[in-house]
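> First the structure, then my questions, so here it is.
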Amino acid sequence: MFDHLTNSSKNYQLNVCSPNCPKAANDWSALSDKLHIILENYDFDTKIHQKSSSHYHYLPKVAIAGCPNGCSQPKIKDFGILGYVRPQITDKLCLKCLACKRSCLEDAITLTETSIKIDGSKCLACGDCIRSCPAGTIKAGEKGWELRQGGRVGRHPRFAEPVGYSSKDKEVVEWVSRTLTDFLEKGKMGERLTHFLERTSKLISP
């Protein structure tokens, strides 16, 4: 479930998933606060009038999910941010209870003679196996954010495309800020933000 948070001056739209979600792979609260500050200070509502008199479709829309489990909001916004946590196998004795394997909806876990093996090409880094392991054989490794951009609904709906990953909140904020600056400087007259993102979308390293 998503909570809809919009600042009073309507410079932007920021959606976040429900707090304290048991499925969360990463805590979004600090990142949300940082994005609120940068978006509020950006004064996008004033700046966009330089390009168009109709501004709603030009204002940035951001959605943050604490996990990669398939919530729609980050995939239909200008900027989609999804939390991840990469599982890490420890040297603690595996009980071979198969709790981790049963929890994995991607069938990424197999049992070995002494422990388990995780197929990185299948793993979504959702954290379900970490939470299910009673022995501590799997622990949380790197946490971070998958970054997507260019999503929208309407007449020509489009899913936001993955453009990179970041383990640092600061880099995510800089990515959003840098992209909005590019839009204001390089966007065509009357071009909507979502169309600019589609036109210029590329893999990035925040």
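The values are calculated or read from the model by the stated rules, or taken from the named source; none is laboratory data. Computed from a prediction, not measured in an experiment: that's the story for all the values here. Neighbour counts run over all protein chains shown; Cβ positions are idealised from the backbone, glycine included. SASA here: full protein model, heavy atoms, side chains in, ligands and nucleic acids out. Shrake-Rupley method; radii C 1.70, N 1.55, O 1.52, S 1.80 Å.
> Checking Arg155 against (1) under 18 Å from Asp78 (Cα atoms); (2) within 17 Å of the chain's Cα centre (by Cα); (3) not in a helix (DSSP H, G or I), which test does it fail?
Of the numbered conditions (1) under 18 Å from Asp78 (Cα atoms); (2) within 17 Å of the chain's Cα centre (by Cα); (3) not in a helix (DSSP H, G or I), the odd one out for Arg155 is (2).
> Please report, ordered by residue number, the helices (runs of 4 or more DSSP H) entirely within the range 1-117 with at least 2 residues that are open to solvent by less than 70 Å² (accessible area, probe 1.4 Å) and at pLDDT below 95. Write out each step before concluding.
Values: elements: 29-42, 44-48, 99-103.
Fully inside the range 1-117 and qualifying: 29-42, 44-48.
> If I ask for residues that are among the aliphatic types (A, V, I, L, M) and in contact with a strand residue (DSSP E or B) (Cβ under 6 Å, 6 or more places away or on another chain), which ones from the range 166-183 would you list? Walk me through how you get there before you give the answer.
Residues of the range 166-183 that are among the aliphatic types (A, V, I, L, M), as a first pass: 172-173, 176, 180.
Val172, Val176, listed by residue number.
> Is it true that some residue in the range 71-78 is over 30 Å from Leu39 (Cβ atoms) and in contact (Cβ under 8 Å) with a residue 24 or more places away in the chain?
To start, the set of residues in the range 71-78 that are over 30 Å from Leu39 (Cβ atoms) comprises none.
Looking through the range 71-78, none of the residues is over 30 Å from Leu39 (Cβ atoms) and in contact (Cβ under 8 Å) with a residue 24 or more places away in the chain.
> Could you figure out which of (1) assigned to a strand (DSSP E or B); (2) modelled with pLDDT of 95 or more isn't true of Val172?
(1)
> Follow-up question, since we're still on this one. What number goes with the only condition from (1) more than 26 Å from Ser166 (Cβ to Cβ); (2) surrounded by fewer than 16 Cβ atoms within 10 Å (Cβ to Cβ); (3) of a type outside the set (S, T, N, Q); (4) touching a residue at least 12 places away in the same chain (Cβ under 8 Å) that Lys122 does not pass?
Every listed condition holds for Lys122 apart from (1).
> Out of the residues in the range 147-168 that are within 19 Å of Gln13 (Cα to Cα) and in contact with a Phe, Trp or Tyr (Cβ under 8 Å, 6 or more places away or on another chain), which is most open to solvent (accessible area, probe 1.4 Å)?
Arg148
> Still on this structure, please answer the following. Looking only at the range 176-191, how many residues end up being touching a residue at least 12 places away in the same chain (Cβ under 8 Å), open to solvent by 40 Å² or more (accessible area, probe 1.4 Å) and in a helix (DSSP H, G or I)?
3
> Select from the range 132-146 the residues that are touching a residue at least 40 places away in the same chain (Cβ under 8 Å) and open to solvent by 20 Å² or more (accessible area, probe 1.4 Å) and write down the one among them that is nearest to Lys96 (Cα to Cα).
Step by step, filter the range 132-146, then rank; the result is Ala135.
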